[in-house]
Amino acid sequence: MRMKGWITWPMGLKGLNHGVKLFLKTIMLPTFDPRDTEAGLRILEDITSNAGHIQEQVLEEILTKNASTDYLKGFLDGHSDKGLFKNKVPVVDYEDIKIYIDRIALDGEPSRILTNESITELLKSSGTSGGKQKWIPKTAEEGERRAYFSCLLATVQNRYLQGLNDGKVLLFVLINPDIHTPGGLVLRTTSESEIKNRKDRYPQFILCEDTDQSLYSQLLCGLVQRDAIASVGTYFASGLLRVIKFFEEHWQEMSSNIRTGQMSDWITDPNCKRAVSLILNKQMPELADSIDIVCHEKSWEGIIKKIWPRTKYVLAIITGSMAQYIPALEFYTGGLPVVSPVYGSSEAFFGINMKPLCSPYDVSYTFIPNMAYYEFLPIDNHQDPNCTNRKDAHLKDHIVDLANVKIGQHYELLVTTFTGLYRYRMGDILLVTGFHNSTPQFKFIQRTNVVLSIHTDKTTEQDLQKAVAIAMQILEPLGFFLLDYSSYADTSSIPGHYVLFWELQLRSNDDIPELDQVKMEKCCSLVEQSLDQKYKMLRNQSISTIGPLEIRVVKQGTFNVLMDFYVSQGTSLNQYKTPKNIKSEKAIEILDSRVVGKFYSREVPNQDS
Ligand code: AMP
């Protein structure tokens, strides 16, 4: 399992004691001592009070630096004029620029096709509508910018999270082996890039590429030092639930290791062995007893607080598609505040949650204006964001810059970076909720075009539709057709899984006979097999992040009842479309109460097809 993520976690003052040396010679990043919270806060106040001006400077710097790249020359003819940029440079998505990135990544052509900074790595981004990975250029200078962002983040955390530095941060991170592109660049996720470029800041076992051994070692060390842990975290909330599941399966073995002072034989990775043996260096029967008492309890409600009693905070992104995990996290954390610290991506880091202790439902991110140049495409609040015409030649005419967004308005984010992305559609829909000084704050609403997501998978309505149509080929010869269907991501169990509600009908209009279990299970497998690579990869992991897909067949007439429900909630009958991803609990109840058969996929989808 690889947990998605992309940022240096707030290590608090302790983690920053070495100081972060900033090599960037730019007026854009005013230097400060990262240990000096007050100085950091003053910088934040300063830059958020001058967002409009700083953004213009950022654009100017990007254009001056990159005007001679192949890409920009094609539109600006070597000029670096901001007005010309706004007039001539088109809004693009990944597919539009893939050809440039492939030339660098696959053919080994120089970075200056896109940027005059030197591309040192490619970041694998999951933020895609089709589920195909995107490869995002990263440069050494960009690494410095992100380190700077992390210092600002630590400043906010140090200011608002009292006691964060009174102990250790137990941050669960997993990494995969590096891949090299044919053009000779390393391909990594943002978190892998961060960890591998700053190895000295992390415990050695984090470098272990075997998921089970790594997680086992991280948990074991966390248990031995249970009284020193002041906060627990993962990058995204779904990751923490997977950790809890893993702990559920392994706690007895870990407790026995602690009792005897011996680690299990299957821990063979040298990094893990070395790190664990340093901590697990004697028999600790009392500690093992205390862990047994907690874990033997029938309910695991509040388990995090019970296992790490000094924990004050849980750190994990809990907004956007992660919001579905809030109830589960509240259950396991035993009421600890869950801090959703940042909004960012492989493409750039964007915003910091300036009120880290607010309710997970109220989180907004204040954009940091000196990281990249941001623009926004307004989305009609009543319009389905999936319907934004992605190739409209007039898109440019609607663009608004950071300083001019309006409270209450939804936007799709466009980003222009130093690293070679220009007016690039992030595919994220944001809502302006307010301003911090003159800088807007955004609530993350959703990805464009995504209906289902358990972890870092992103299944669109079109993907789902296609997969369902393929699976139905099993039932069609038997005279069935699919009257309607819907879906939701069921995260009530771990790992979460996709649930599809199907209302079948016989062409003969006869009553539906008892369904053939084997055929229905085959339908489940076929849907999975027809989903994208990312989904299949997550299903295939040794600790799978997504469970087997389920089809719940509902009795006839169910989708009419569902429609009646939505109409009663104010939806116009004329405009009613069956929601393909049900969010409303009441709607799920309506469907669930009419289920006549439940079927699960029995095969793990083949990743190679
Ligand atoms: P990746 O490039 O794989 O790190 O994925 C980046 C994507 O993750 C973003 O474009 C968002 O869709 C999502 N994301 C990142 N941060 C947040 C957040 N704080 N809340 C909700 N979604 C987020």
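A Förster radius of 25 Å, combined with the Cβ-Cβ distance separating GLU585 from ILE399, puts the computed FRET efficiency at roughly 0.10.
The GluC sites (Glu not before Pro) of the stretch 292-360 that DSSP puts in a loop, and whose beta carbon has at most 12 other beta carbons within 10 Å, are GLU297.
Candidate membrane-span-like segments in the chain, meaning DSSP H helices with Cα atoms spread over at least 27 Å of their own axis and a Kyte-Doolittle mean of -0.5 or above, are 237-260, with no membrane implied. Using a cutoff of 8 angstrom between alpha carbon atoms and counting only pairs six or more residues apart, the relative contact order for the chain works out to 14 percent. Between the C-alpha center of the stretch 53-131 and that of the stretch 193-245 there is a gap of 35 Å. Bridgeable aspartates and glutamates around LYS598 (alpha carbons under 20 Å apart, same-chain partners fewer than 8 residues away excluded): GLU476, ASP484, ASP490, GLU503, ASP511, GLU514, ASP516, GLU521, GLU528, GLU550, GLU585, GLU589.
Of the listed peptides 529-541, 404-416, 230-242, what is their order by residue-averaged count of other C-beta atoms within 10 Å, with the highest listed first? Write down the numbers at each step before the final one.
On the way: 529-541: 20.2, 404-416: 18.6, 230-242: 25.2.
With the highest mean Cβ count within 10 Å placed first, the list reads 230-242, 529-541, 404-416.
For the stretch 442-527, applying the loop criterion from DSSP together with a ceiling of 13 other beta carbons within 10 Å to the GluC sites (Glu not before Pro) yields GLU514.
For LYS88, give me every one of the aspartates and glutamates with a C-alpha distance below 13 angstrom, ignoring sequence neighbours fewer than eight places off in its own chain. Cross-link targets: ASP77, ASP397.
Is the stretch 451-600 rounded, prolate or oblate when judged by the Cα gyration tensor, a ≥ b ≥ c being the square roots of its eigenvalues, rounded requiring a/c under 1.5 and prolate requiring a/b larger than b/c? List each step's numbers first, then the result.
Working: a/c = 1.77, a/b = 1.19, b/c = 1.49.
Taking the square roots of the gyration eigenvalues as a ≥ b ≥ c, the stretch 451-600 is oblate.
Going 7 Å from the Cα of GLN505 toward and past its Cβ, which residues in the stretch 473-491 have a backbone nitrogen under 13 Å from where you end up? Counting backbone N atoms under 13 Å from the label point, the list is 480-485. Rolling a 1.4 Å probe over the protein chains gives TRP251 an accessible area of about 20 Å².
Indicate the gyration tensor shape class of the chain (rounded, prolate or oblate), computed on the Cα atoms with a ≥ b ≥ c the square roots of the eigenvalues: a/c under 1.5 is rounded; otherwise a/b larger than b/c is prolate and the rest oblate. The shape class here is oblate. Give the distance, in whole Å, between the Cα centre of the stretch 292-330 and the Cα centre of the stretch 513-555. Centre-to-centre (Cα) distance: 29 Å.
As a quick test, which of the pairs LYS134/LYS536; LYS196/LYS273; LYS138/LYS196; LYS65/LYS443; LYS466/LYS583; LYS298/LYS580 have an alpha carbon distance above 25 angstrom in this structure?
Numbers: LYS134/LYS536 17 Å; LYS196/LYS273 19 Å; LYS138/LYS196 14 Å; LYS65/LYS443 32 Å; LYS466/LYS583 21 Å; LYS298/LYS580 37 Å.
Those over the limit are LYS65/LYS443; LYS298/LYS580.
Full extension from LEU106 to SER264: what is 0.36 nm times the residue separation minus their Cα-Cα distance, to one decimal in nm?
Numbers: separation 158, 0.36 × 158 = 56.88 nm, distance 4.23 nm.
52.7 nm is the gain from fully extending LEU106 to SER264.
Between the stretch 472-499 and the stretch 408-445, the alpha-carbon centres lie 35 Å apart.
So what's the back-of-envelope 222 nm ellipticity for the chain, counting only DSSP H runs of four-plus at -39500 (n - 2.57) apiece and dividing by all residues, rounded to 500? Don't skip to the end; give the middle numbers.
Values: 19 runs with 214 residues, N = 609.
For the chain, the value works out to -10500 deg cm²/dmol.
Take the Cβ atoms of GLU60 and ASP516, set R0 to 56 Å, and the FRET efficiency comes out at 0.25. Of the trypsin sites (Lys or Arg not before Pro) found in the stretch 88-174, those in coil by DSSP whose Cβ has at most 15 other Cβ atoms within 10 Å are LYS132.
In straight-distance terms, cross-link reach from LYS396 covers every one of the aspartates and glutamates whose alpha-carbon lies under 12 Å from its own, apart from those fewer than eight places away in the same chain; here that gives GLU375. Most tightly packed first, judged by the mean number of other beta-carbon atoms within 10 Å of their residues, the peptides 418-429, 74-85, 55-66 read 418-429, 55-66, 74-85.
How many Å² of accessible area per residue for the chain, probe 1.4 Å? Please list the in-between numbers first.
Details: 24390 Å² over 609 residues.
Result: 40 Å² of accessible area for each residue.
Distance between the pseudo-spin-label points of MET28 and LYS245 (7 Å out from Cα toward the beta carbon): 4.0 nm. Within the accessible surface of the chain, defined with a 1.4 Å probe on protein heavy atoms only, the carbon and sulfur portion equals 50 percent. Computed from the Cβ-Cβ distance with R0 of 35 Å, the FRET efficiency linking LEU278 to ASN197 stands at 0.90.
The values are calculated or read from the model by the stated rules, or taken from the named source; none is laboratory data. Quick caveat, the model's predicted, so the values are computed rather than measured. Every residue, glycine among them, receives a Cβ derived from its backbone with ideal geometry; neighbour counts consider all protein chains shown. With ligands, DNA and RNA removed, areas are computed over all heavy atoms of the protein, side chains included. Shrake-Rupley method; radii C 1.70, N 1.55, O 1.52, S 1.80 Å.
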